[in-house]
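Q: Below is one structure. I have some questions about it.
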C-alpha cells in the first residue's frame, strides 16, 4: 500500500510545472524623462542605479525594453504600480505585460 502511495506522489511531482512568466515592458515616449524612468526602475522594480541606466538606455534607443520577468500576478501588479507612479508625476509612461 505504501508503495502505491509513493508512486502516486512521484507522479504528482512530475506533473508540476513552473508558472508561466510575464515580461513587463516600458515603451519610450517624448515626454517621460530618462531620470524618471531610472527612478521608477529603482523604486518599483528594485534595480540598481547601474541596471536602471542600462535598461533605460535600451528603452531610449530601441523604443521599448523589458524591465523584468515575473509571475502573472506580480507582473500585472508592478505594471499598475509603474503606471500609477508615472501618473502621479504627470508622465504618460506606457507599460505593457506580455507572456514571456
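Every number here is computed from the coordinates shown, using simple stated rules; none is lab data. In this text, all values refer to a predicted model and were calculated from it rather than measured experimentally. Methodologically, a virtual Cβ is constructed for each residue, glycine included, from the backbone with ideal geometry; neighbour enumeration extends over all protein chains shown.
Q: Listing 61, 56, 77 from the residue with the fewest other Cβ atoms within 10 Å to the one with the most, what is the order?
A: Details: 61 10, 56 24, 77 15.
The order, fewest Cβ neighbours first, is 61, 77, 56.
Q: At 222 nm, what value in deg cm²/dmol follows for the chain if DSSP H runs of at least 4 each add -39500 (n - 2.57) and the sum is divided by all its residues, to the nearest 500? Provide the component values of the computation, followed by the final result.
A: Numbers: 4 runs with 56 residues, N = 100.
One gets -18000 deg cm²/dmol as the mean residue ellipticity at 222 nm.
Q: Additional query: Report which label in [x] 38; [y] 24; [z] 48 holds the value of percent of Cα pairs over 22 Å apart derived from the coordinates of this structure.
A: Here the calculated entry is [x].
Q: On a 0 to 90° scale, report how tilted helix 2-15 is relative to the longest principal axis of the chain, with both axes built from alpha carbons and the result rounded to the nearest 10.
A: 20
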